[in-house]
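The values are calculated or read from the model by the stated rules, or taken from the named source; none is laboratory data. These numbers were taken from a predicted model, which means no experiment stands behind them. Cβ: placed from backbone, ideal geometry, glycine included. Neighbour counts: every protein chain shown.
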Amino acid sequence: MGLVKVALALRGGELPPSVNYTAPHPEIPLDELNLRVVTEVTPLPPGTLAGVSAFGIGGTNCHLVAGAAPIPAPPAPAPEPTGEIAWLLSARTPQAIQAQAENLRRYLESQPFPRSVDVAYSLATARTAFGERAAVVGRSRDELTGRLAALAEGRSGPGVLRGATLAGGLGFLFAGQGTQRPGMTSALYAAEPAYAEALDEVTAAFDALDGGSLRELIFDGDAAALDHTSNAQRALFAVEVALFRLAGTWGCGRRRCSATRSASWPPRTPPGCCRWPARARSSPPGRG
């Protein structure tokens with residue numbers, strides 16, 4: 001017990017008082033021995049060493065000198081992302097959404113941490129999703145908390161979104177030609193292995209038919225080449241199939257997929273590149 005008490009005192013940096021102590025034994029010369037009985041919680045200076053001489057009731061004895069383990073330096077905080085961040089809220093009623101926004105704003109104003117991206121992660125993954133939905137979008141903590149205040153007051157504005165769920169499943173619409181741009185999703189490709197794997201699979205299937213490098217065209221090609229109809233359709237199809245696959249790894253549930261007329265399956269769609277995740281097989285992809 002003596003060893004446990006000393007170890008806890010060293011870890012906590014404080015020496016607890018002796019229990020039930022009132023006066024020293026008259027035959028123990030504490031002053032001559034330069035000793036004293038601790039009667040109140042006493043801070044221990046850094047580097048304190050403690051001697052233990054303990055005799056266990058079962059015959060186990062302990063005699064040693066102990067010191068606190070060095071305290072590791074706290075890790076440097078990770079930098080905030082530079083892009084836009086969305087904070088998602090949901091509730092059963094519009095009034096409850098506003099109350100949640102105000103509660104979150106007050107909490108974050110009193111806390112220097114966590115980071116904005118950590119708040120976004122927790123709100124998106126650790127909260128129950130109710131029918132009334134809202135989101136605030138911004139690039140900085142001040143911008144996000146300011147938009148939380150607007151949401152709490154029922155005001156609309158840039159980066160403040162409101163909505164509600166509808167009955168039915170979740171659908172994905174493949175965008176049509178005109179949404180392509182050089183380098184599209186390159187950051188997502190580097191950050192999400194599931195997306196990268198799916199994009200590699202689809203672009204490799206097209207490359208086997210056409211002998212080019214569709215992924216290189218998407219990430220490094222010039223705008224004029226990418227804007228050509230045959231290239232734009234293949235590039236958008238590959239990106240959108242990979243996004244659809246990525247959504248499946250996030251547990252989006254049973255999903256349906258459709259496409260605008262100009263985003264319909266390219267004439268030379270390679271066999272097997274539309275291997276949909278199991279959760280997406282409730283209906284085949286169709287054309288809008």
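Being surrounded by 11 or more Cβ atoms within 10 Å (Cβ to Cβ), under 39 Å from the mean Cα position of the chain (by Cα), under 30 Å from Phe113 (Cα atoms) and not assigned by TED's automatic domain parsing to the domain that holds Phe113, is that true of even one residue in the stretch 46-60?
For the stretch 46-60, residues surrounded by 11 or more Cβ atoms within 10 Å (Cβ to Cβ), under 39 Å from the mean Cα position of the chain (by Cα), under 30 Å from Phe113 (Cα atoms) and not assigned by TED's automatic domain parsing to the domain that holds Phe113: absent.
Is there a residue in the stretch 70-79 that is surrounded by 11 or more Cβ atoms within 10 Å (Cβ to Cβ) and in a loop (DSSP other than H, G, I, E, B)? Give the steps one after another, and end with the answer.
Just the residues of the stretch 70-79 that are surrounded by 11 or more Cβ atoms within 10 Å (Cβ to Cβ), to begin with: none.
No; the residues of the stretch 70-79 include none that is surrounded by 11 or more Cβ atoms within 10 Å (Cβ to Cβ) and in a loop (DSSP other than H, G, I, E, B).
Criterion first (assigned to a loop (DSSP other than H, G, I, E, B) and of a type in the set (D, E, K, R)) does Arg147 satisfy it? Give the steps one after another, and end with the answer.
Details: assigned to a loop (DSSP other than H, G, I, E, B): no; of a type in the set (D, E, K, R): yes.
So Arg147 does not fit the description; no.
Which pairs do you get when a residue that is in the same structural domain as Pro17 (by TED's automatic domain parsing), found in the stretch 34-45, comes within reach of a residue that is assigned to a loop (DSSP other than H, G, I, E, B) and of a type in the set (S, T, N, Q), reach meaning Cβ atoms under 8 angstrom, with the pair 6+ apart or on two chains?
Sorted first by the residue in the stretch 34-45, then by its partner, the pairs are Val37/Ser18; Val38/Ser18; Thr39/Ser18.
Among the residues of the stretch 117-134, is any touching a Gly at 6+ places or on another chain (Cβ under 7 Å) and in a loop (DSSP other than H, G, I, E, B)? Break it down into steps so the answer makes sense when it comes.
The initial filter retains those residues of the stretch 117-134 that are touching a Gly at 6+ places or on another chain (Cβ under 7 Å), namely 133.
In the following step, the residues that additionally are in a loop (DSSP other than H, G, I, E, B) were identified as none.
No, the stretch 117-134 contains no residue that is touching a Gly at 6+ places or on another chain (Cβ under 7 Å) and in a loop (DSSP other than H, G, I, E, B).
Step by step: first the residues of the stretch 1-29, then only those that are assigned to a loop (DSSP other than H, G, I, E, B) and within 21 Å of Val65 (Cβ to Cβ), then the one that is modelled with the lowest pLDDT. Which residue is that? Working first, answer last.
Kept after step one, since they are assigned to a loop (DSSP other than H, G, I, E, B), are these residues of the stretch 1-29: 1, 13, 16-29.
With the extra rule that they be within 21 Å of Val65 (Cβ to Cβ), the set shrinks to 1, 13, 16, 18.
Numbers: Met1: 75, Gly13: 87, Pro16: 88, Ser18: 86.
In this case the residue turns out to be Met1.
Take Gly83 and decide whether it is modelled with pLDDT under 90, within 30 Å of Gly131 (Cα to Cα) and surrounded by fewer than 11 Cβ atoms within 10 Å (Cβ to Cβ). Steps first, please.
Details: modelled with pLDDT under 90: yes; within 30 Å of Gly131 (Cα to Cα): yes; surrounded by fewer than 11 Cβ atoms within 10 Å (Cβ to Cβ): yes.
Against the criterion (modelled with pLDDT under 90, within 30 Å of Gly131 (Cα to Cα) and surrounded by fewer than 11 Cβ atoms within 10 Å (Cβ to Cβ)), Gly83 qualifies.
If I ask for residues that are more than 21 Å from Pro81 (Cβ to Cβ) and surrounded by 13 or more Cβ atoms within 10 Å (Cβ to Cβ), which ones from the stretch 139-153 would you list?
So in the stretch 139-153, the residues more than 21 Å from Pro81 (Cβ to Cβ) come out as 149-153.
If the condition is that a residue be more than 21 Å from Pro81 (Cβ to Cβ) and surrounded by 13 or more Cβ atoms within 10 Å (Cβ to Cβ), then Ala149, Ala150, Leu151, Ala152 are the ones that fit.
Hey, can you tell me all the residues within the stretch 163-177 that are outside any strand (DSSP E or B), small (Gly, Ala, Ser) and out of contact with any Asp or Glu (no Cβ under 9 Å at 6 or more places or on another chain)? Even if it seems obvious, please write down each step before you answer.
Initial filter on the stretch 163-177 (outside any strand (DSSP E or B)): 165-169, 175-177.
Narrowing further to those that are small (Gly, Ala, Ser): 167-169, 175-176.
Scanning the stretch 163-177 gives Ala167, Gly168, Gly169, Gly176.
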